1. I'm checking my understanding of the structure. Among residues of the range 201-230 that are part of a helix (DSSP H, G or I) and β-branched (Val, Ile, Thr), which one is surrounded by the most Cβ atoms within 10 Å (Cβ to Cβ)?
2. Would you list the helices (runs of 4 or more DSSP H) that sit entirely within the range 1-95 and hold 3 or more residues that are within 22 Å of THR113 (Cβ to Cβ) and either touching a Ser or Thr at 6+ places or on another chain (Cβ under 7 Å) or not polar (S, T, N, Q) (or both)?
3. If GLU57 satisfies all but one of (1) open to solvent by 30 Å² or more (accessible area, probe 1.4 Å); (2) over 13 Å from ALA31 (Cα atoms), what's the number of the condition it fails?
4. State the number of residues belonging to the range 141-150 that are assigned to a loop (DSSP other than H, G, I, E, B) and either surrounded by 10 or more Cβ atoms within 10 Å (Cβ to Cβ) or touching a Lys or Arg at 6+ places or on another chain (Cβ under 9 Å) (or both).
5. For the range 118-140, what are the residues that are touching a helix residue (DSSP H, G or I) at 6+ places or on another chain (Cβ under 9 Å), of a type in the set (A, V, I, L, M, F, W, C) and in a loop (DSSP other than H, G, I, E, B)?
6. Working carefully through the options VAL88, VAL84, find the one that is in contact with a strand residue (DSSP E or B) (Cβ under 6 Å, 6 or more places away or on another chain), surrounded by 13 or more Cβ atoms within 10 Å (Cβ to Cβ), farther than 27 Å from ASP215 by Cα and touching a residue at least 24 places away in the same chain (Cβ under 8 Å).
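The values are calculated or read from the model by the stated rules, or taken from the named source; none is laboratory data. This is a predicted model, so every value here is computed, not measured. Quick reminder, even Gly has a Cβ in these numbers, built from the backbone with ideal geometry, and neighbours come from all protein chains shown. Just so you know, the surface numbers come from the protein's heavy atoms only, side chains and all, with ligands and any DNA or RNA stripped out. Shrake-Rupley method; radii C 1.70, N 1.55, O 1.52, S 1.80 Å.
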Amino acid sequence: MSNLCIIPARGGSKRIPRKNIKLFLGKPIIAYSIEAAINSKLFDEIMVSTDDEEIAEIATKFGANVPFFRTEKTANDFATTFDVIEEVLLKYKDLGQNYDVVCCLYACAPFATSIKLAESLEVLEKNNYDSVFPVMQFGFPIQRSLKFEDDKIKFFYPEFSLSRSQDLEKSYHDAGQFYWMQVDKCLPEKKILTENSGSIVISELEGQDVDNEVDWKLAELKYELLQSIK
């Protein structure tokens with residue numbers, strides 16, 4: 001089995017400018033993902049998919065490869081993660097390099113450790129899943145979620161309005177860190193989450209979206225706390 005790690009890192013970022021190379025506790029945040037991939041020793045190739053010269057320079061400095069640049073089509077605001085993965089795999093195929101398993105590891109994922117990468121790959125292989133990725137449990141049951149309707153607050157699911165929280169089924173969301181995929185299963189379906197996907201569950205302390213400056217500070221605090229309790 002040949003494994004490829006793809007780290008998507010385009011130059012454009014609206015909410016946090018230059019997000020993928022912004023310093024996270026003194027180091028470009030993309031460096032954490034590159035180092036996790038290298039330290040895992042799971043990959044035959046670790047590459048960064050970018051359209052940006054500065055990102056490419058930093059990526060190579062920390063040990064990743066940038067064999068080609070991302071096209072304009074996959075560097076815009078509307079390109080999906082799968083679009084990037086597909087483009088990279090097809091470009092490698094043109095170079096005569098084919099991979100059985102790919103891990104798409106986000107550039108802004110400092111909580112994605114080499115241990116979690118290995119644990120997820122084991123789940124993928126042991127269960128022969130098409131894909132595996134980390135998820136986090138919602139802090140409050142989504143069955144009791146609320147919405148505004150004509151300026152009045154309403155339940156999304158009125159049938160659960162009197163249900164006790166502990167009686168409701170647990171729900172999870174994508175942690176937004178990485179995705180392991182079997183290429184021959186996911187590429188034809190053109191999607192990451194299939195009818196045969198699995199996951200590992202991580203704690204609230206092991207993940208954090210970084211979509212704005214407050215998120216960024218929270219992520220740094222969580223990261224430092226994790227290091228202090230190891």
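1. My answer is VAL214.
2. Correct list: 29-40, 53-61.
3. All conditions are met except number (2).
4. Qualifying residue count for the region: 2.
5. Once the filter is applied, which keeps residues that are touching a helix residue (DSSP H, G or I) at 6+ places or on another chain (Cβ under 9 Å), of a type in the set (A, V, I, L, M, F, W, C) and in a loop (DSSP other than H, G, I, E, B), the range 118-140 yields only PHE140.
6. Unique residue meeting the criteria: VAL88.
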